[in-house]
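See structure below.
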There are 2 protein chains.
Amino acid sequence: MGGLRTLPWYVAGSQVLGVACVVITGVWMGHYRGGYAWDGSAQEFNVHPLCMVLGLVFLYGDAVLVYRVFRNETKRSVKILHALLHMMALIISIVGLVAVFDFHSSAKISHMYSLHSWCGMLTFVLFFIQWLLGLGFFLFPWASAQLRSWYLPLHVFFGLLLLTMSVGSCLLGITEKLLFSIMETYSRFTGEGVLANTLGLLLVCFGVVVGYVVTREDFRRPPNPEEEALSVHFKTLSEGEILSSP
Amino acid sequence: MGGLRTLPWYVAGSQVLGVACVVITGVWMGHYRGGYAWDGSAQEFNVHPLCMVLGLVFLYGDAVLVYRVFRNETKRSVKILHALLHMMALIISIVGLVAVFDFHSSAKISHMYSLHSWCGMLTFVLFFIQWLLGLGFFLFPWASAQLRSWYLPLHVFFGLLLLTMSVGSCLLGITEKLLFSIMETYSRFTGEGVLANTLGLLLVCFGVVVGYVVTREDFRRPPNPEEEALSVHFKTLSEGEILSSP
């Protein structure tokens, strides 16, 4: 378990990458794209990338990381923090979505025609469903132990999948925005193009570090003996049920 | 282990999705973008998407799946098949890269300026390194057992990461190609735009099914008792070494 000493470095690295992504998005939209407003103009559009990177990438990633960072707190406290960070991500990404729909309506641009919009909306809808299911299954006592243990690996798989899809949707958005704004000069390696490409790579790096920390075997939370006993008991029971069923 | 009976359905689903992606890419480039050639023209460019989807997505995904499909063959045979499929993926993706570089040179377009090219080239270079390391560590007897057991989880992590990055790079390429070719009509939900967006979603689905099959616990290969014994013996030895080191 010597590898566990490296965990804080990975977590610190993820935070540096995450903050860098939010700051670079802010600078790109604030400095190169004319700043922010809420009036249906292109400046209202600029709220969209900032909210999505902050909400569906950075806060989402941190919500996933809490299970590795808070290793000795009770599972219930960590679950509540996980749900709260995801709720912040949800609210901020709704603001980001309203911004782009508002801008499209004002500028009489069709909604939802691009691959970016298809992937982004799919990610958002699945994220919202996953958040509701997470609340119902794990935070409130509505689901049976059997249902919880069936859903847990799916929740973990879809959790990482949706972070990946968030990062991918951001990269599609970066490509779209660059081709709409600087198609003529993009191929001359201008400052804005290089900055936005760098943002894309940093978003990938953030996703990779979070994914690595969450999937690495020796970074897992130490099993709780009480929970273990319960799960073995439950397993015996459910296997008994399966064996005795016709 | 009842879930294992569903494995063939997931594998079949992945193959339907993978073939659909290759066919749709072929139809998009063949029907909507004027077909194929090798003369520096836009038709030479059309070879690029087809090769990348066939090589770095479909064959790459299948190379990853062999460990779940061939469960009872010797590990050595499966390793050789894994390496051969990856070699085919490598050769086909090199053809695809030559096609786009050739086209850019003929058309006097800068190389490597877009986020798609940055992500795609990073994916290809890491894939090539991973393939060489895989050969050296696992297929030829060049690495010690200690080195192998250190590299294995990294090989698995980067394997799935690079499939994800391949799919992501394809989606960036789809967005670029659509905005370069049909920027004016894309927002009117024309046939080409909807077909290419659908291709993007199918590529995501292929990656998701492969990722799910490979990461699902009860789909893993049954452990080989001989390999187990060796690994326990090795663990005792290496832990002994660590304990006795200063």
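What the table shows:
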read-out: Between the stretch B:143-186 and the stretch A:99-115, the Cα center-to-center distance that results, in Å; value: 29 Å
read-out: For the protein assembly as shown, alpha-carbon Rg over 2.2 N^0.38 Å; value: 1.03
read-out: Accessible surface, the stretch A:1-144, averaged per residue in Å² (probe 1.4 Å); value: 48 Å²
read-out: Neighbourhood net charge (11 Å Cβ-Cβ; Lys/Arg +1, Asp/Glu -1) for B:L7; value: +4
read-out: Net charge of Cβ neighbours under 13 Å - reference B:S110; Lys, Arg +1; Asp, Glu -1; value: +1
read-out: Accessible area buried, both sides summed, chains B and A with 1.4 Å probe, Å²; value: 3100 Å²
read-out: Over the stretch A:46-107, equivalent-ellipsoid semi-axes from the Cα gyration tensor in Å; value: 31, 10, 5
read-out: Protection proxy ranking, peptides B:4-17, A:203-216, average beta carbon neighbours within 10 Å, highest first; value: A:203-216, B:4-17
read-out: Nonlocal Lys pairs with alpha-carbon distance under 21 Å, the protein assembly as shown (8 or more apart, or different chains); value: 5
read-out: Cα-based helix-to-principal-axis angle, A:191-215 vs chain A, degrees rounded to 10; value: 0 degrees
read-out: Listed residues B:L90, B:V23, B:L171: farthest to the positive end of the dipole of the stretch B:2-244 (Cβ charges); value: B:V23
read-out: Heavy-atom accessible surface of chain B: percent carbon and sulfur, 1.4 Å; value: 71 percent
read-out: For A:V214, net neighbour charge (Lys/Arg +1, Asp/Glu -1) across residues whose Cβ lies under 12 Å away; value: +2
read-out: Cα centroid separation - the stretch B:26-76 against the stretch A:18-72, whole Å; value: 35 Å
read-out: Cα gyration tensor category, rounded, prolate or oblate, for the stretch A:153-209 with a/c compared to 1.5; value: prolate
read-out: Long-range tail of P(r) for the stretch B:2-244 (Cα pairs > 25 Å, %); value: 48 percent
read-out: Solvent-accessible surface (1.4 angstrom probe) belonging to A:S41, in square angstrom, nearest 10; value: 30 Å²
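The values are calculated or read from the model by the stated rules, or taken from the named source; none is laboratory data. Fair warning: this is a prediction, and the values are worked out from it, not measured in the lab. Note: ideal-geometry Cβ built from the backbone for every residue, glycine included; neighbour counts use all protein chains shown. Quick note on the areas: whole protein, heavy atoms, side chains included, nothing else; ligands and nucleic acids left out. Shrake-Rupley method; radii C 1.70, N 1.55, O 1.52, S 1.80 Å.
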